[in-house]
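> Structure below; questions to follow.
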Amino acid sequence: MNQVVETILNHRSVRNFKNQALDREQIEVIVKSAQAASTSSFIQAYSIIGVTDQNKKDKLAEIAGNQAYVAANGHFFVFCADLHRHKVIAELEGTDLDDSIESTEKFMVALIDAALAAQNAAVAAESMGLGICYIGGIRNDLEAVKEVLKTPDHVIPLFGMAVGYPDQETDLKPRLPLEHVYMENEYQQDRALFEKQLDDYNAVTSQYYRERTGGKREDTWTGQMAKMLGRKSRMYMKGFVEKQNLNKK
């Protein structure tokens, strides 16, 4: 196993950071690593906003549910699906690209491009001894995020990434078993086997929480998911995306 694979397999979220900012070289390496990710048809339909203004970080932390590590970290990145530059391209090239830019397909391309870039950035940061935490909470109020970051139409801030020097030791959270996630040739639809794999994983996650909390928690994964998905959240999203002139066709 090489160091790249070891870095990937050792990933865990870090939510407490030392009071030490990343330097310019570190930031540029992380962003260049993000840019090296695959991109559909060379579209490069994403942008990354680095937030250094403390007032803006504090506001984003509030939007994200008062998550302190959004405000206190080495650097805060926001990854955006971005087809604004392609709207500009249409004007520069004297053509109408609205049907394509506003399509569901290109919206999916932008989401995928941004996610691929972000994961490259995460691996790069962790390979440098830094810790990271993805922040989906900024989607609690994207109108407010849009105001903070001054994003134009055809741009959707998708998630943040807090990066910095870890100030805590965190446990490696167990993932679903490989055989439940990886299938060959077709989707595995043996319901009995499917449920057994989930039951086995529930036992693993319960043990993880018991050990982590000294017996105060013993959540199952299926129980967590049923509770979380049972709460409607961010139901404004479809309207917001369409208001940005994306995913309309």
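> Assuming GLN188 fulfils every condition listed in (1) exposed (fewer than 13 other Cβ atoms within 10 Å of the Cβ); (2) in a loop (DSSP other than H, G, I, E, B); (3) of a type outside the set (Phe, Trp, Tyr); (4) not assigned by TED's automatic domain parsing to the domain that holds LEU22 apart from one, which condition is it?
So GLN188 meets the others, but not (1).
> Could I ask something else about it? Is it the case that GLU147 is within 14 Å of ILE43 (Cβ to Cβ), assigned by TED's automatic domain parsing to the domain that holds ILE8, out of contact with any Ser or Thr (no Cβ under 7 Å at 6 or more places or on another chain) and among the charged types (D, E, K, R)?
On the way: within 14 Å of ILE43 (Cβ to Cβ): no; assigned by TED's automatic domain parsing to the domain that holds ILE8: yes; out of contact with any Ser or Thr (no Cβ under 7 Å at 6 or more places or on another chain): yes; among the charged types (D, E, K, R): yes.
Answer is no for this residue.
> Please give the number of the condition TYR201 fails out of (1) surrounded by 18 or more Cβ atoms within 10 Å (Cβ to Cβ); (2) closer than 30 Å to ILE63 by Cα.
(2)
> Does ASP167 count as of a type in the set (Asp, Glu) and touching a residue at least 60 places away in the same chain (Cβ under 8 Å)?
Details: of a type in the set (Asp, Glu): yes; touching a residue at least 60 places away in the same chain (Cβ under 8 Å): yes.
Here the answer is yes, as ASP167 does meet what is asked.
> Of the residues that make up the range 175-185, is at least one in contact with a Pro (Cβ under 8 Å, 6 or more places away or on another chain), buried (at least 16 other Cβ atoms within 10 Å of the Cβ) and not hydroxyl-bearing (Ser, Thr, Tyr)?
From the range 175-185, those in contact with a Pro (Cβ under 8 Å, 6 or more places away or on another chain) are none; that's our starting set.
No, that holds for no residue.
> Same structure again: I'm checking my understanding of the structure. Among residues of the range 229-243 that are surrounded by 10 or more Cβ atoms within 10 Å (Cβ to Cβ) and over 18 Å from the mean Cα position of the chain (by Cα), which one is farthest from MET108 (Cα to Cα)?
TYR236
Yes/no matrix, rows are residues, columns are (1) surrounded by fewer than 16 Cβ atoms within 10 Å (Cβ to Cβ); (2) in contact (Cβ under 8 Å) with a residue 60 or more places away in the chain:
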| position | (1), (2) |
| --- | --- |
| GLU195 | yes, no |
| TYR209 | no, no |
| THR222 | yes, no |
| ALA226 | yes, no |
| LYS248 | yes, yes |
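> Considering every residue within the range 72-90, establish whether at least one is on the phi > 0 side of the Ramachandran plot and assigned to a loop (DSSP other than H, G, I, E, B).
no
The values are calculated or read from the model by the stated rules, or taken from the named source; none is laboratory data. Here the structure is a predicted model, which is why all the values come from computation and not from measurement. So basically every Cβ, Gly included, is an ideal-geometry build from the backbone, and we count neighbours across all protein chains shown.
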